[in-house]
Amino acid sequence: MSETKPCRVVVLISGGGTNLQALIDAQQAGQLPVEIAAVISNRPDVKGLQRATSAGIPADVLDHTAFASREDFDRALTTLIDSHSPDLLVLAGFMRILTAEFTGHYLGRMLNIHPSLLPKYQGLHTHQRAIDAGDSCHGVTVHFVTAELDGGPAVVQAKVGIKAGDTAETLAQRVQQQEHIIYPLAVNWFANGSLHMQDGKSILNGELLPPSGHLIDCTG
Ligand code: GRF
């Protein structure tokens, strides 16, 4: 992206929006060369919408319960997103399964953050599942979104140790600290042209990333 025209980002949320806040903070600190053009929530009255408004970012609600089908909602969402002409779509706690039409439309320009070391623990309740499995570490992955749920190529992963006595809540807190570091990092790479998706793989600075993406080990 050129200096005169920063990467335009639309962020989709469903809840508290702490990852959105991390992006806003990085952008406001001059560390993220993006314009957050809009924040869209599928749920009304969530805290993430207030975070957007406080930062002077247009905040829209598109309530999925008002639509007869997933396809109808995703089409209306596409129209709303595209009215903001984004270069990049960022899913930040957007709790919806997406249609293949939607993922196809934004292929290579949509990122998601998932609280596990993908491909482990796709879906929900990842922290509890990692504890129940007796894993020694857990973590978080930023990945490009494809039609496969939590299945697109990884961009960056942060690995976090599981401590004796950890609950899903204590583990989630430590994982979230890393989320707030790696999501701005990945968005920055995309915005400055270092990162793209090619043939279903993540490429950073011209190099194919490993299946984990760029790995940050915080277990030490
Ligand atoms: C995060 O844990 C993220 O990994 C997951 O949803 C949660 C969103 O949290 N996809 P927040 O709304 O950004 O605080």
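All of the numbers you see were taken from the coordinates with simple rules; none came from a lab. Please read all numbers here as calculations on a predicted model, not as lab measurements. Note: ideal-geometry Cβ built from the backbone for every residue, glycine included; neighbour counts use all protein chains shown.
The Rg/Rh ratio of the chain, with Rg taken over Cα atoms and Rh as the Kirkwood radius over Cα pairs, comes to 0.95.
Positive contributions from Lys and Arg (+1) and negative ones from Asp and Glu (-1), summed over other residues with Cβ under 13 Å from the Cβ of His196, come out at -1.
Please give the contour-minus-distance gain from Thr53 to Glu169: 0.36 nm per residue of separation, less the Cα-Cα distance, rounded to one decimal in nm. Difference between extended and current length: 39.0 nm. Sequence-ordered 3J(HN,Hα) estimates for the stretch 172-181 from the Karplus curve with 6.51, -1.76 and 1.60 and θ = phi - 60° stand at 4, 4, 5, 5, 5, 4, 6, 3, 6, 9 Hz, glycine and proline given as x. Could you list the residues of the stretch 179-214 with an amide nitrogen less than 18 Å from a label point located 7 Å from the Cα of Glu148 in the Cα-to-C-beta direction? Zone members listed by number: 197-203, 209-214. For the pair Ser83 and His125, the difference between a 0.36 nm per residue extended length and the Cα-Cα distance amounts to 11.7 nm. Each residue of the stretch 44-59 was assigned a 3J(HN,Hα) from its phi angle through the Karplus curve 6.51 cos²θ - 1.76 cosθ + 1.60 (θ = phi - 60°); the sequence is x, 6, 8, 4, x, 5, 5, 4, 5, 4, 4, 8, x, 9, x, 10 Hz, with glycine and proline shown as x.
Radius of gyration over Kirkwood radius for the stretch 1-106, both on Cα atoms: the Rg/Rh ratio is 0.96.
Just how many pairs of Lys in the chain have C-alpha atoms closer than 24 Å, counting pairs that are eight or more places apart or on different chains? Each step should come with its number before you reach the end.
Values: Lys120/Lys159; Lys120/Lys163; Lys120/Lys201; Lys159/Lys201.
The result is 4.
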